[in-house]
Amino acid sequence: MIRIVLAEDQRMMLGALGSLLDLEEDMEVVGKATNGEETIELVKKLQPDIVVTDIEMPVKSGLDAAEALKDEPCKIIILTTFARSGYFERARKAGVSGYLLKDSPSEDLAASIRTIMEGRRIYAPELVDLAYADANPLTERENQVMELIAEGKSTKEIAKELFITTGTVRNYISTILDKLEVGNRIEAISRFKEKGWFK
């Protein structure tokens, strides 16, 4: 019997997924979580074979949970609406076994779970294309500056935090805007977020 923990913050979706998987003769949903924190606790307590988790959930996201559970023996499948290259990159680094999109047919999920239990990985084809077409163009330092911009910090505050001059910060910001092909900080934040590049 494949023991499954489900994590999804939309309760109706959580219930529907649970019912669907419980219909499979070789599967049993042993726990349900509505945020990443609960997911981590349930996995440690129940030791399931597999976790199927959404990404955008309160408290901790599905990606945070996947990173925290990296050393646990259970396998992790991300099931999400978002085909974002940044999310996919993070999921791969966290060692997830599957990354599937919610608009796939429901029978695909059960089949994917069985395939993953055999030791294989499954990624939605759209994501593989995205991963190659859409890498984050910023350097490590530019990413740091971008994170601080998103926190609402001023040029002066960013300079102080990174121990560089305000002139250097302005240069970084202008390079970031060029690379992201946007006109200002607000557009940069929304482009970065839309791509799923924030850590």
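The values are calculated or read from the model by the stated rules, or taken from the named source; none is laboratory data. Since we're looking at a predicted model, the values are computed, not measured. Virtual Cβ from ideal backbone geometry, glycine too; neighbours counted across all protein chains shown. Remember, those area values only see protein heavy atoms, side chains included, never the ligands or the DNA or RNA. Shrake-Rupley method; radii C 1.70, N 1.55, O 1.52, S 1.80 Å.
Can you spot a residue in the stretch 60-69 that is closer than 21 Å to Leu20 by Cα, touching a residue at least 40 places away in the same chain (Cβ under 8 Å) and open to solvent by less than 10 Å² (accessible area, probe 1.4 Å)? Looking for residues that are closer than 21 Å to Leu20 by Cα, touching a residue at least 40 places away in the same chain (Cβ under 8 Å) and open to solvent by less than 10 Å² (accessible area, probe 1.4 Å), one finds at least one in the stretch 60-69, hence yes. Filtered by the rule that a residue be modelled with pLDDT under 90 and under 26 Å from Met1 (Cβ atoms), the stretch 92-122 gives Lys102, Ser104, Pro105, Ser106, Glu107, Asp108. Residues in the stretch 70-98 that are touching a Leu at 6+ places or on another chain (Cβ under 6 Å) and within 26 Å of Leu23 (Cα to Cα): Leu79 alone. Any residue in the stretch 70-80 that is closer than 21 Å to Tyr123 by Cα and of a type in the set (Asp, Glu)? Yes, the conditions are met somewhere in the stretch 70-80.
A quick yes/no check of all residues on (1) part of a loop (DSSP other than H, G, I, E, B); (2) within 21 Å of the chain's Cα centre (by Cα); (3) surrounded by 13 or more Cβ atoms within 10 Å (Cβ to Cβ):
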residue	(1), (2), (3)
Leu109	no, yes, yes
Leu148	no, yes, yes
Lys153	yes, no, yes
Thr168	no, no, yes
Ser174	no, no, no
Ala188	no, yes, yes
Lys193	no, yes, yes
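Does Lys160 meet the test of being part of a helix (DSSP H, G or I), surrounded by fewer than 12 Cβ atoms within 10 Å (Cβ to Cβ), at pLDDT 90 or above and not assigned by the TED database to the domain that holds Lys102? When the stated conditions are applied, Lys160 does not pass them.
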